[in-house]
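The values are calculated or read from the model by the stated rules, or taken from the named source; none is laboratory data. Because the structure is predicted, anything quoted here is derived from the model rather than measured. Virtual Cβ from ideal backbone geometry, glycine too; neighbours counted across all protein chains shown. Side chains are part of the model used for accessible areas, which takes the heavy atoms of the whole protein and leaves out ligands, DNA and RNA. Shrake-Rupley method; radii C 1.70, N 1.55, O 1.52, S 1.80 Å.
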Amino acid sequence: MDKQQLIDTAQALVAKSKGILAADESGGTIKRRFDSINVESTEDNRRDYREMLFRTAGASEYISGVILFDETIRQNAADGTPMVKVLEDQGIIPGIKVDKGTQALPSSPDEVVTEGLDGLRDRLKEYYELGARFAKWRAVISIGHGIPSHYCVATNAHALARYAALSQEAGLVPIVEPEVLRDGGHSIQDCFKASEATLHEVYRQLIEQKVFLEGTLLKPSMIISGSAASDRANPEEIAEKTIDCFKRSVPAAVTGVVFLSGGESDDSVTSNLDAINQRVAEVGAPWELSFSFGRSLQGDPLKAWAGKSENLELATNAFYNRAKLTSAARQGKYVPDGGN
Ligand code: 13P
């Protein structure tokens with residue numbers, strides 16, 4: 001394992017003004033996104049849309065890396081240039097989603113386990129050869145009556161650690177993503193408790209499986225009230241609880257925390273990231289606190305693009321603007337632009 005290479009990649013991904021674009025939607029998810037703008041999810045349309053994002057002039061001022069789906073890392077842009085090279089030429093690091101999605105957790109009907117460990121060692125080797133320098137594996141933890149169970153947390157944490165160890169062996173920085181879903185009417189305290197228990201178990205497993213923590217990034221949810229909670233916490237409370245929770249459970253050796261956006265509105269997720277970084281400026285934290293957003297970076301450009309090549313400029317402007325605002329929040333300097 002080349003530890004210095006892993007540290008260098010992890011640090012570059014969380015450079016001061018930058019964060020990650022998650023563009024690794026699986027076939028089903030990208031179809032749902034395209035359905036929302038009445039565009040058919042063909043291979044060419046997926047390429048055109050993602051190529052538009054990747055070629056956005058100036059994107060690398062704010063975007064350090066892009067997480068790709070298996071199809072995209074093997075795909076060429078319309079002019080024949082490999083998509084990986086399009087990113088490299090922009091100074092953006094290509095990454096790859098390597099899990100194979102969730103399946104029902106046996107004997108626990110309301111919980112899921114992420115699959116994809118079979119054959120992973122060989123797939124990681126191939127992804128490195130294709131140009132990937134980091135990877136992502138998403139585990140999903142739900143909050144509800146009597147859940148998350150320790151069984152679910154431990155099973156998912158074990159798989160996350162297996163994946164992280166194999167990624168580092170292949171030269172890829174593992175993004176460790178235990179997403180605690182915001183679905184439900186639970187309180188911010190319930191989210192704190194479930195996240196703390198999850199992170200303890202994740203790091204217990206990572207340490208037991210000899211993962212080199214400096215060469216990893218954590219991709220968590222913020223500590224936030226459930227989407228259907230009657231009284232939702234404000235950004236200041238979210239910032240305070242998120243940092244308190246992570247200080248109790250994320251080792252200081254971890255290089256960076258890159259939040260997912262989780263389906264929150266663009267404005268709310270950006271305000272929350274901003275509040276987190278403002279609080280860090282006051283109380284300090286051992287890790288960089290940045291972003292790895294899918295929906296929150298793509299909502300505006302997807303709508304502006306609408307599947308039409310004549311909208312390319314509008315769409316790239318929308319993506320550039322969203323990335324710029326998110327980068328400001330990553331530095332605690334966000335000023336909402338009222339949707340302009
Ligand atoms: P969202 O930002 O849309 O939650 O997605 C990020 C991601 O990559 C989830 O795995």
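Just to be sure, is Arg232 part of a loop (DSSP other than H, G, I, E, B), basic (Lys, Arg) and either closer than 25 Å to Tyr163 by Cα or open to solvent by 70 Å² or more (accessible area, probe 1.4 Å) (or both)?
In short, yes.
Just for strands (runs of 3 or more DSSP E) wholly inside segment 57-127: which have at least 1 residues that are in contact (Cβ under 8 Å) with a residue 60 or more places away in the chain and either closer than 30 Å to Tyr151 by Cα or within 16 Å of the ligand (Cβ to nearest atom) (or both)? Walk me through how you get there before you give the answer.
Working: elements: 63-68, 93-97, 102-104, 112-114.
Where strands (runs of 3 or more DSSP E) fall fully within segment 57-127 and carry at least 1 residues being in contact (Cβ under 8 Å) with a residue 60 or more places away in the chain and either closer than 30 Å to Tyr151 by Cα or within 16 Å of the ligand (Cβ to nearest atom) (or both), they are 63-68, 93-97.
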Check: If you go through segment 139-152 one residue at a time, do you hit one that is open to solvent by less than 10 Å² (accessible area, probe 1.4 Å), over 30 Å from Gln4 (Cβ atoms), assigned to a helix (DSSP H, G or I) and in contact with a Lys or Arg (Cβ under 8 Å, 6 or more places away or on another chain)?
Finding: no
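Filter segment 128-153 down to the residues that are of a type in the set (Phe, Trp, Tyr) and closer than 22 Å to Ile96 by Cβ, then identify the one that is nearest to the ligand (Cβ to nearest atom).
Trp137
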Next item on the list: Return a yes/no flag: does segment 28-37 have any residue that is in contact (Cβ under 8 Å) with a residue 12 or more places away in the chain and over 27 Å from Ser327 (Cβ atoms).
Entry: no
Next item on the list: Considering (1) in a loop (DSSP other than H, G, I, E, B); (2) closer than 25 Å to Tyr128 by Cα; (3) touching a helix residue (DSSP H, G or I) at 6+ places or on another chain (Cβ under 6 Å), say which one Met52 fails and leave the rest.
Entry: (1)
Next item on the list: Would you mind telling me which numbered condition in (1) surrounded by 22 or more Cβ atoms within 10 Å (Cβ to Cβ); (2) over 20 Å from the mean Cα position of the chain (by Cα); (3) outside any helix (DSSP H, G or I) Ala315 fails?
Entry: (3)
Item checked: Breaking point among (1) part of a loop (DSSP other than H, G, I, E, B); (2) open to solvent by 30 Å² or more (accessible area, probe 1.4 Å); (3) within 15 Å of the ligand (Cβ to nearest atom), for Asp300 -> (1)
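Looking only at segment 257-297, filter to residues that are aromatic (Phe, Trp, Tyr) and within 12 Å of the ligand (Cβ to nearest atom); which one of those is farthest from Tyr62 (Cα to Cα)? Write out each step before concluding.
Taking segment 257-297 and keeping what is aromatic (Phe, Trp, Tyr), we get 259, 287, 291, 293.
Among the residues that remain, those that are also within 12 Å of the ligand (Cβ to nearest atom) are: 259, 291, 293.
Values: Phe259: 15, Phe291: 10, Phe293: 12 Å.
Among those that are aromatic (Phe, Trp, Tyr) and within 12 Å of the ligand (Cβ to nearest atom), it is Phe259.
So, Glu51, is that one of a type outside the set (Ser, Thr, Tyr) and more than 15 Å from the ligand (Cβ to nearest atom) or not? Spell out the reasoning first.
Details: of a type outside the set (Ser, Thr, Tyr): yes; more than 15 Å from the ligand (Cβ to nearest atom): yes.
Against the criterion (of a type outside the set (Ser, Thr, Tyr) and more than 15 Å from the ligand (Cβ to nearest atom)), Glu51 qualifies.
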Next item on the list: Scan segment 190-212 and give yes if some residue there is within 16 Å of the ligand (Cβ to nearest atom), touching a residue at least 12 places away in the same chain (Cβ under 8 Å) and among the small types (Gly, Ala, Ser), otherwise no.
Entry: yes
Note to self: Given the condition of a type outside the set (A, V, I, L, M), more than 14 Å from Asp44 (Cα to Cα), open to solvent by 20 Å² or more (accessible area, probe 1.4 Å) and within 18 Å of the chain's Cα centre (by Cα), answer yes or no: does some residue in segment 76-98 qualify?
What the structure shows: yes
Notebook entry, point to check: Out of all the residues in segment 274-288, which are surrounded by 23 or more Cβ atoms within 10 Å (Cβ to Cβ) and touching a strand residue (DSSP E or B) at 6+ places or on another chain (Cβ under 6 Å)?
Noted result: Ile276
